[in-house]
Amino acid sequence: MPLKPRIAIVGPGRLGSALAVELHRAGYHLTEIISTNRMASRRKAVALARRVRAVATSHSPILEADLVWFCVPDREIGKAARKLAHAADWKGKIALHSSGALPSDELHALRRRGAAVASVHPLMTFVRGSVPSLQGIPFALEGDPTALRTARKIVRDLGAEAFPISKNKKAAYHAWGGFTSPLLIALLVTGEKLAQAAGLSAADARKKMLPIVRQTLANYARLGPAKAFTGPIVRGDVGVVRKHLRELKKVPGANEVYVALARAGLRYLPVRDRRELEKLLLLSS
């Protein structure tokens, strides 16, 4: 395997695009961007290939790369691997996928053909209209030793951080990731609905929430969860929590979210009047 293997990306979506751009910047040669035959997917592949000086392919991939990186939805990984298994000689090649929930075994069809395989998942969010830097981003790695050695070097070259994950722990790892971004967004949008009940617009709520959200995250990072936790639950202010719960019932779903998070606070963080708060939450659930 060359010091900097030639890389093909399967899937020109949000992750595949961000990864291809960062690999190109790190000095890796991208040989091709492989898409499906759908027109939208092919257009994305052509645009991305032009940006990273690669070739865009779909139904007839070239697969001359030393390393093939699958950046397709979880449900498509095994299917894509089986489809490409007989399209090239896989002996000596490396195949990676970037699912956070699924193990490297999803690429078993390529492993049987002689490839070394691994799962390489960046703990980062990728959305349309935003391409995050991968500098300092943690990547969870699991798979065959040969593939892992190469993957660790690539992650280092991206300026990111590699750490091992056991294949039987990946579901828990991915659920943890869910708390760090998508479920955080679900919490914030519930907060927007409460702000609207208080007379603010959703846009104004987002603007006014950001300073306290940013400071809370800064406190969490610098001081840890216990010292960053504030409010009536910490103080054991049962009367205020009771008022909250009364108002929350006017906003669909908000009461359930509040009670679940309050119970987590009671379980994991230092609070006053724990028993009284537990009784109140039990009555409200």
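The values are calculated or read from the model by the stated rules, or taken from the named source; none is laboratory data. Note that the structure is a prediction, hence the values are computed from the model and not measured. Note that each Cβ is placed from the backbone with ideal geometry, even for glycine, and that neighbours are counted across all protein chains shown.
Test each condition in (1) of a type outside the set (Gly, Ala, Ser); (2) over 19 Å from PRO122 (Cα atoms); (3) without any contact (Cβ under 8 Å) to a residue 12 or more places away in the chain for ARG152 and report the one that comes out false.
Failing condition for ARG152: (2).
Does ALA40 satisfy the criteria of being surrounded by 21 or more Cβ atoms within 10 Å (Cβ to Cβ) and out of contact with any Gly (no Cβ under 9 Å at 6 or more places or on another chain)?
Spelling it out, it is not the case that ALA40 is surrounded by 21 or more Cβ atoms within 10 Å (Cβ to Cβ) and out of contact with any Gly (no Cβ under 9 Å at 6 or more places or on another chain).
Name every residue in region 95-130 that is among the β-branched types (Val, Ile, Thr) and closer than 20 Å to PRO12 by Cβ, in order of residue number.
Selection gives VAL120, THR125, VAL127.
I need the full set of residues from region 256-279 which are among the charged types (D, E, K, R) and touching a residue at least 40 places away in the same chain (Cβ under 8 Å), in order please.
Within region 256-279, just GLU276 meets the criteria.
Of (1) of a type outside the set (Phe, Trp, Tyr); (2) touching a helix residue (DSSP H, G or I) at 6+ places or on another chain (Cβ under 7 Å); (3) not in a loop (DSSP other than H, G, I, E, B), VAL271 satisfies all except one. Which?
Only one criterion is unmet by VAL271, namely (3).
I'd like the residue in region 36-69 that is β-branched (Val, Ile, Thr) and under 23 Å from ALA115 (Cα atoms) and, out of all such residues, is farthest from the chain's Cα centre (by Cα).
The qualifying residue farthest from the chain's Cα centre (by Cα) is ILE62.
Take the residues of region 103-142 that are out of contact with any strand residue (DSSP E or B) (no Cβ under 7 Å at 6 or more places or on another chain) and touching a residue at least 40 places away in the same chain (Cβ under 8 Å): which is farthest from PRO73 (Cα to Cα)?
SER133
So which of GLY253, GLY231, GLY224, GLY239 is without any contact (Cβ under 8 Å) to a residue 24 or more places away in the chain and within 19 Å of THR190 (Cα to Cα)?
From the options GLY253, GLY231, GLY224, GLY239, the qualifying one is GLY231.
Does region 238-245 contain any residue that is surrounded by 13 or more Cβ atoms within 10 Å (Cβ to Cβ) and charged (D, E, K, R)?
Yes - at least one qualifying residue is present in region 238-245.
Search region 183-217 for residues being of a type in the set (Lys, Arg) and surrounded by 14 or more Cβ atoms within 10 Å (Cβ to Cβ), and hand back the single one that is nearest to PRO252 (Cα to Cα).
LYS193
Every residue, every condition in (1) crowded, with 18+ Cβ neighbours inside 10 Å; (2) over 26 Å from ARG156 (Cβ atoms); (3) modelled with pLDDT under 95; (4) not assigned by TED's automatic domain parsing to the domain that holds ALA140, yes or no:
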{"position": "ALA26", "(1), (2), (3), (4)": "no, no, no, no"}
{"position": "ALA88", "(1), (2), (3), (4)": "yes, yes, yes, no"}
{"position": "LEU107", "(1), (2), (3), (4)": "yes, no, no, no"}
{"position": "ARG128", "(1), (2), (3), (4)": "no, yes, yes, no"}
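I'm checking my understanding of the structure. Among residues of region 102-144 that are of a type in the set (Val, Ile, Thr) and outside any strand (DSSP E or B), which one is farthest from the chain's Cα centre (by Cα)?
Only one residue fits best here, namely VAL131.
Pick from PRO103, PRO138, PRO132, PRO122: which is surrounded by fewer than 18 Cβ atoms within 10 Å (Cβ to Cβ) and touching a Ser or Thr at 6+ places or on another chain (Cβ under 8 Å)?
Unique residue meeting the criteria: PRO132.
So is ALA162 at pLDDT 95 or above and surrounded by fewer than 21 Cβ atoms within 10 Å (Cβ to Cβ) or not?
It is true that ALA162 is at pLDDT 95 or above and surrounded by fewer than 21 Cβ atoms within 10 Å (Cβ to Cβ).
Hey, among ALA198, ALA202, ALA172, which residue is touching an Asp or Glu at 6+ places or on another chain (Cβ under 8 Å) and over 28 Å from ALA20 (Cβ atoms)?
Result of the check over ALA198, ALA202, ALA172: ALA202.
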